[in-house]
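Enquirer: The structure under discussion is supplied below as structure tokens; questions concerning it will follow.
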Amino acid sequence: MSQKIVLYPDPVLRKKATPVSRISREILDLIDEMTRTMVEADGVGLAANQVGSLHRIFVINTTPHDATPTPVVMINPEIIDQEGSVIEQEGCLSFPNLYVTIDRADRVTVHAKNAFNEAIVYETTGLLARAVQHEVDHLNGVLIIDHVSTDEDKEAVEQWQKNVRPGVEV
Ligand code: NI
């Protein structure tokens, strides 16, 4: 069984995740579970907060358009360079059926550790660059609703609140 994805407004989504100091058995199990959960949910990425954990880890599927997913894990990720700007619609597994337009960098360079405690450098563009920025936001307690700026998106959030999550304050 994969983990349950935490939905807004669970407070864990607003917490800042803590750097991983040692890649223990528990961390490896968490990574396995997060990967399985992301693939089952057909997501492009998933951050630890979204399964109720506050370790600084996210997974992304680097082949989102292929039948076979290629998950990559990033432990203690840091965006060290970014370039360009693209405005696109974006969703989040913690906000089912909500899509808002977000201005993100087009290209990012990330430093992280993989599950073998090796330093990795990941350079990406387009959808995956967007996913990386989205997941790093999660690890800092930042959510898609924090990026809403247009009236259209404010309306989308209101509708979502009314129809999908009645009673939830956004
Ligand atoms: Ni998300």
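Enquirer: Can you confirm whether the stretch 111-131 contains a residue that is surrounded by 19 or more Cβ atoms within 10 Å (Cβ to Cβ), out of contact with any Phe, Trp or Tyr (no Cβ under 8 Å at 6 or more places or on another chain) and under 19 Å from Ile5 (Cα atoms)?
Expert: yes
Enquirer: Would you list the strands (runs of 3 or more DSSP E) that sit entirely within the stretch 22-107 and hold 2 or more residues that are touching an Asp or Glu at 6+ places or on another chain (Cβ under 6 Å) and within 13 Å of the ligand (Cβ to nearest atom)?
Expert: On the way: elements: 45-47, 57-61, 71-83, 86-90, 100-104.
Answer list for the stretch 22-107: 45-47, 100-104.
Enquirer: Go through the residues of the stretch 139-153 one by one and say whether even a single one is over 22 Å from Gly52 (Cα atoms), at pLDDT 95 or above and open to solvent by less than 20 Å² (accessible area, probe 1.4 Å).
Expert: yes
Enquirer: Please work out which residue is farthest from His55 (Cα to Cα), limiting yourself to the stretch 120-138 and to residues that are of a type in the set (Val, Ile, Thr) and more than 14 Å from the chain's Cα centre (by Cα).
Expert: Narrowing the stretch 120-138 to residues of a type in the set (Val, Ile, Thr): 120-121, 124-125, 132, 136.
Remaining after also requiring more than 14 Å from the chain's Cα centre (by Cα): 120-121, 124-125.
Values: Ile120: 18, Val121: 20, Thr124: 23, Thr125: 25 Å.
Looking at residues that are of a type in the set (Val, Ile, Thr) and more than 14 Å from the chain's Cα centre (by Cα), I get Thr125.
The values are calculated or read from the model by the stated rules, or taken from the named source; none is laboratory data. Values in this document were obtained by computation on a predicted structure and should not be read as measured data. We place every Cβ from the backbone using ideal geometry, glycine too, and count neighbours over all the protein chains shown. Areas reflect the complete protein model, heavy atoms only, side chains present, ligands, DNA and RNA absent. Shrake-Rupley method; radii C 1.70, N 1.55, O 1.52, S 1.80 Å.
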